[in-house]
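The values are calculated or read from the model by the stated rules, or taken from the named source; none is laboratory data. Just so it is clear, the structure is predicted and the values come from calculations on it, not from any experiment. Positions of Cβ are backbone-derived with ideal geometry, glycine not excepted, and every protein chain shown enters the neighbour counts.
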Amino acid sequence: MAYAILVAYVCKMNPELETCQLLDTFFRFYRYRKWTYDNPIALGEIRADPEMVSFPIDQSLFYNAEDRTPLFPIITPAFPSMNSTYNVNATTRNAMLTEMEKAMHITSHIMKNKPNSKITWKRLFKKFPFFRAY
């Protein structure tokens, strides 16, 4: 779900871009983004008001903007708004940012359209042994 939200956010902010440009923008935007508790990704208004419904909802389900612990906050668009990446720690965040940087360099190279380049889209989508690597 979190990655779908990230894709939707980039598409929403850049409706004029072609697919290859969106990929390049996606990796560049998220690699250099300031990932802090006070800068969450949200597709719309964060809805965390329990008064919106007539039945009780556990307060722990709601996204809390004052919580300073999220390192990679991606907020769900459905009510109640929740941090879909609540379990991301510094190590996993850094691993994701490293992989985004690698992908950013690949897409950047491809976008330059160098003739006879050995770096192609296949390189970006190459199977990667993530769990063995990390």
Those helices (runs of 4 or more DSSP H) completely within the range 56-134 that have 1 or more residues that are hydroxyl-bearing (Ser, Thr, Tyr) and either closer than 18 Å to Leu6 by Cβ or out of contact with any Asp or Glu (no Cβ under 6 Å at 6 or more places or on another chain) (or both) are 90-111
Verdict on Phe26 being surrounded by 18 or more Cβ atoms within 10 Å (Cβ to Cβ) and part of a helix (DSSP H, G or I): yes
The number of residues in the range 1-18 that are free of Cβ contacts under 8 Å to residues at least 24 places away in the same chain and not in a helix (DSSP H, G or I) is 5
The correct count of residues that are more than 29 Å from Glu101 (Cα to Cα), out of contact with any Pro (no Cβ under 6 Å at 6 or more places or on another chain) and among the hydrophobic types (A, V, I, L, M, F, W, C) in the range 49-90 is 5
Inside the range 28-44, the number of residues satisfying the requirement of being over 17 Å from Cys11 (Cα atoms), out of contact with any Pro (no Cβ under 7 Å at 6 or more places or on another chain) and in contact (Cβ under 8 Å) with a residue 24 or more places away in the chain is 4
Picked from the range 105-134 (must be among the small types (Gly, Ala, Ser) and either at pLDDT 90 or above or loosely packed, with under 10 Cβ neighbours inside 10 Å (or both)), the residue farthest from Phe27 (Cα to Cα) is Ala133
Residues of the range 45-54 being assigned to a loop (DSSP other than H, G, I, E, B) and either within 15 Å of Ile74 (Cα to Cα) or without any contact (Cβ under 8 Å) to a residue 24 or more places away in the chain (or both), in sequence order, are Glu45, Ile46, Arg47, Ala48, Asp49, Ser54
Pairs returned, first residue in the range 55-73 that is acidic (Asp, Glu), second residue that is in a loop (DSSP other than H, G, I, E, B) and modelled with pLDDT of 90 or more, beta-carbon separation under 8 angstrom, 6 or more apart or interchain, are Asp67/Tyr37
I'd like to check something: does the range 46-65 contain any residue that is crowded, with 16+ Cβ neighbours inside 10 Å, touching a helix residue (DSSP H, G or I) at 6+ places or on another chain (Cβ under 8 Å) and at pLDDT below 95? yes
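Scan the range 14-30 and give yes if some residue there is among the polar types (S, T, N, Q), over 30 Å from Phe131 (Cα atoms) and modelled with pLDDT under 95, otherwise no. Write out each step before concluding.
First pass over the range 14-30, keeping only residues among the polar types (S, T, N, Q): 14, 19, 21, 25.
From what's left, over 30 Å from Phe131 (Cα atoms): 14.
The next check asks that each one be modelled with pLDDT under 95; those that pass are none.
Scanning the range 14-30, I find no residue that is among the polar types (S, T, N, Q), over 30 Å from Phe131 (Cα atoms) and modelled with pLDDT under 95, so the answer is no.
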